[in-house]
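Take a look at the structure set out below.
Quick note: the coordinates plus some simple rules give every number you see, no bench work behind them. Because the structure is predicted, anything quoted here is derived from the model rather than measured. Note that each Cβ is placed from the backbone with ideal geometry, even for glycine, and that neighbours are counted across all protein chains shown.
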Ligand code: 28F
């Protein structure tokens, strides 16, 4: 017996070996634990650590979390919670802090039932961050003592040790992601800020302070919302008019068997639905039972009330889409045993949550309608208007279809189509103006490139009802050429071109057309953006020539560099528009796949994108002016 104990001091026991193997597995296959080693995965490390502080806040033990970006590309997270208990974990014979930082899936398993509520995307926590970091320094303040421990690539580099006394409490963690694992190791402040703001909204009262200490980028922000998700809705509706419907955010909350559901909602005067749901502080972008419960109850309550006050006749019915037109709603549920229908945790599956949310909304929204009849009436008027517009849109869509049948072909007359039929190989250029359209037709490789000149001003769909959109003369040819339908009829398998390239002038009018078209795609064919089918052409700004040498420049800086390079009597002329280029020039600068640059439009953050679209395209002037002033320098290459 004695001998065995001695042995354990010098060698690893079975459990400790498992610990080491666990972290090695994380380093070997990081994607399995954090999804990706791209920039997204890098930021994910911070979220995992912050989640632990949020858990402490949810336990009612932490008020303030500080996230700091340091000049050496490390990041620190500090909270004023209880700190980690200082004792030794019996099973492993290791300090608890070391267990939390070295054992995969520690927390719930080793920490007693139900401690962990906030779950990271993959629910992996501190040990994964440790495994994927060059080093981690932890300072744990608890019961008057300061303890520290250091890890390098997951292994203990300086053992857990008491280093002093303090009257502070809480955990401070600083780590540097491993550059041999991540493709990039420079954090983006804005990305972290957006996530921290979301967490501050979802956890009312928690204060999150962010600091950037990197030279040249110094900055600090404090995120603190006593109103929680009510503040979230106000923030999302900030760019929109709400007074015309109802002035107050409706807030509903309920609890059952340890699960909590909260809903905040407010209609605005737009026609869009902004419904964002969360389970345990993670966005559930594919929805799930909490969203279903909300939608069912909302439709039922509003139909019942409309019938009760006599504005809806017996057989008429408002659909779910009708009652959600112009709604902005946040649904947040917190539960101990969240079940997800997909690996990415994007869809919540717990059926008891559907019942819980349905009950809360049925009870509380009915009560709201009874107590606020004027607001309830305004909401119902809006839903009825949506109902009528949807009916009109259906008729307009049918008419579009019928018309194209009469013409014998469903393709627009102005389209110069390509020969190739396989959409993976084809490109559609949407070209501003007839003269540029003409050049593009002559310039293109007609085997796989199609040209559609745009006629007239593109409709601003942000300000238009569905029936207007579907019957609009500038949009119909685009919808017909692309071929996959819109809205409820959208079917990506019918897509006729793999790349849809917007080619507009590099001036203010061109920017306007780009934004109008992107708004249309974003609102009515969003999947095309999500699947990476929408691109922006990049025509040159300058033509520079010296005798027979001709060069093009795509920015002022590039123009200056080319002038410098060519020296002597160089001439630089600014292109006023695409129409000024002859077909050959257009081909070699903007359309030849071998030489052109095209920007793929991607939705990195659907919420931020939604915000940008409504600021740019909505009808509140003040926020638009502020946005354009703040972003003037980026206006040339708006990257959504
Ligand atoms: C900067 C990141 O990780 N904060 C944390 C706590 C508090 C407790 C805890 C954490 C107990 C047994 C696992 C304290 N007192 N910030 C953080 N704050 N972990 S992590 O407990 C860990 C579990 O093993 C804590 C009483 N209960 C829990």
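As a rough footprinting exposure proxy, the listed residues 334, 441 were ranked by other beta carbons within 10 Å of their own, and the order from fewest upward is 441, 334. Approximating the spin labels as points 7 Å out from Cα along Cα→Cβ, the residue 13-to-residue 576 distance works out to 8.4 nm.
Estimated at 0.36 nm per residue, the fully extended path between residue 599 and residue 445 surpasses their Cα-Cα distance by 53.5 nm.
Over the residues of the stretch 480-609, compute the C-alpha Rg and express it relative to 2.2 N^0.38 Å.
Numbers: Rg = 17.8 Å, N = 130, 2.2 N^0.38 = 14.0 Å.
Normalised Rg, Cα atoms only: 1.27.
Each part gets one Cα centre, and for the stretch 505-559 versus the stretch 237-309 those centres are 38 Å apart.
Relative to one another, the C-alpha centroids of the stretch 351-376 and the stretch 407-470 are positioned 47 Å apart.
Using helices alone, what [θ] at 222 nm do you get for the chain, with -39,500 (n - 2.57) per DSSP H run of 4 or more residues, divided over all residues and rounded to the nearest 500? If you can, show how the numbers build up before the last one.
Numbers: 21 runs with 245 residues, N = 640.
Dividing the helical sum by the residues of the chain leaves -12000 deg cm²/dmol.
For the stretch 280-436, the fraction of C-alpha pairs farther apart than 28 angstrom is 49 percent.
Cα-based values for the stretch 243-340, radius of gyration first and Dmax second, are 14.8, 44 Å.
For residue 374 and residue 204, a Förster radius of 35 Å and the Cβ-Cβ distance give a FRET efficiency of 0.80, rounded to the nearest 0.05. Using a cut-off of under 12 Å, list every residue of the stretch 369-387 whose amide N is near the label point 7 Å from the Cα of residue 248 along the Cα-to-beta-carbon line. Only 369-376 pass the distance filter. Placing R0 at 56 angstrom, the Cβ-Cβ distance between residue 161 and residue 464 gives a FRET efficiency of 0.25 after rounding to 0.05.
Exposure proxy shown here: for 425, 193, 475, the number of other Cβ atoms within 10 Å sets the order, fewest to most, as 425, 193, 475. Considering only alpha-carbon pairs that sit under 8 angstrom and 6 or more positions apart, the relative contact order computed for the chain is 9 percent.
Paramagnetic label reach from residue 339 (point 7 Å along Cα→Cβ; backbone nitrogen cut-off under 14 Å): within the stretch 352-367, residues 352-355.
Label-to-label distance for residue 414 and residue 355 is 5.7 nm, based on points extended 7 Å past Cα in the beta-carbon direction.
For the stretch 254-394, the relative contact order comes to 37 percent (Cα pairs under 8 Å, sequence separation of at least 6).
Residues of the stretch 442-459 with an amide N closer than 15 Å to a point placed 7 Å from the Cα of residue 509 along the Cα-to-Cβ direction: 454-458. Each eigenvalue of the Cα gyration tensor of the stretch 316-377, multiplied by 5 and square-rooted, gives one semi-axis; in descending order these are 28, 15, 11 Å. Note: relative contact order over the stretch 455-579, using C-alpha pairs below 8 Å and six or more positions apart, is 21 percent. Remark: the residue 530-residue 213 segment gains 110.7 nm on full extension, using 0.36 nm per residue and subtracting the alpha carbon distance. The length gained on full extension between residue 273 and residue 260, counted as 0.36 nm times the residue separation minus their Cα-Cα distance, comes to 2.3 nm. Site pair residue 88 and residue 286 shows an inter-label distance of 4.6 nm when each label is modelled 7 Å from Cα along Cα→Cβ.
Computed from the Cβ-Cβ distance with R0 of 25 Å, the FRET efficiency linking residue 222 to residue 185 stands at 0.45.
Once the Cα atoms of helix 434-443 and of the chain are each reduced to a long axis, what angle between those two axes, in degrees from 0 to 90 to the nearest 10, is obtained? Rounded to the nearest ten degrees, it is 80. Dimensions of the chain from C-alpha coordinates, computed as largest minus smallest value along each principal axis and given longest first, are 92, 80, 43 Å.
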